[in-house]
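The values are calculated or read from the model by the stated rules, or taken from the named source; none is laboratory data. All values reported here derive from a predicted model rather than from experimental measurement. Cβ atoms come from the backbone with ideal geometry, glycine included; neighbour counts cover every protein chain shown.
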Amino acid sequence: MDLALLENGLPFGDRLAGALRICLIVALAWMAHAFAHKLIRGLRIYLSRNLDDADEVKRVTTLGRVFRYIASVVITLIAGMLVLGELGISVAPILGAAGVVGVAVGFGAQSLVKDYFSGLFLLLENQMRHGDVVTVAGIGGVVEEMTLRYVQLRDYDGNVHFIPNGSITTVTNKTRGFAFAVIDVRVAYRENVDEALAVMRAAGEELRADAAWRERILEPVEIVGVENLADSAVILRCRFKVAPIEQWNVRREYLRRIKHAFDAAGIEIPFPHLTVYAGQLKDGGAPALRIARAARPPA
């Protein structure tokens, strides 16, 4: 018997050639993986440079991440089937059995299938993108990653949430196109409302004229007027049309400036308190409140 023949009746040369082909398949798969990722990244950078809309740039970034994930899965599956073929394992029966098993597993993995289909439509319909501030499934945060399986959010406290796409029924996107910074300011009832509104308008115009905020505020401040007559204050409302994700920064800066403006104008920002009047007249006058001290009983 030829010593070159090993178990299974395969010549040593054939087994060596098979091993070399498997190594070649793995190497080509690795090269295809690296090339696909580099191609997708280069295409994303090229498209981003030619887009002026920040929203479209974020959409291209999100799609680039998903395409890299899909390319990795496809290349891995093809390489795996080729390796199985080199090992003498027929792929056709496996694919046929996979169809039967897939039907059986599908009943137990409906939520997984739902996640992938929901993720596909979330991307196609452009409901949210990487970097958006959204609220989904009752959780709000910044979108850090989107896949066909889940959405990764990071909230203001730094907590990371992984939300399956199948559980997302409503998407509230707070950074699409533009946003409104809605601001309520309280003043005391004794203050002149028109004067307070004028101070609010002046503070808003001053904020928009500032070079550090000019690009963030898209339109002049809109003075809505008296929003409500609360228990201890008159609530005045205004709003700014701002660039995406800037509504919170603009709101904080405007509140800081309006506090200084009201202090300079002598307009009171009330705090919860109770004022007691005794026998107040219709014209606003009120008699002095006298509290009589009870006489001591004789000893």
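Structure notes:
- If the condition is being farther than 17 Å from Glu253 by Cα and assigned to a strand (DSSP E or B), then the range 177-232 contributes Val187, Val224, Gly225, Val226, Glu227, Asn228, Leu229.
- Residue within the range 162-171 that is crowded, with 18+ Cβ neighbours inside 10 Å, in contact with a strand residue (DSSP E or B) (Cβ under 8 Å, 6 or more places away or on another chain) and of a type in the set (S, T, N, Q) present: yes
- Put simply, of Leu84, Leu77 the only residue that is under 24 Å from Ala36 (Cβ atoms), at pLDDT 80 or above and either loosely packed, with under 15 Cβ neighbours inside 10 Å or small (Gly, Ala, Ser) (or both) is Leu77.
- Complete set of residues in the range 202-230 that are closer than 17 Å to Asp184 by Cα, acidic (Asp, Glu) and in contact (Cβ under 8 Å) with a residue 24 or more places away in the chain: Glu227
- Scan the range 172-185 for residues that are surrounded by fewer than 17 Cβ atoms within 10 Å (Cβ to Cβ) and touching a Leu at 6+ places or on another chain (Cβ under 9 Å) and the total you get is 2.
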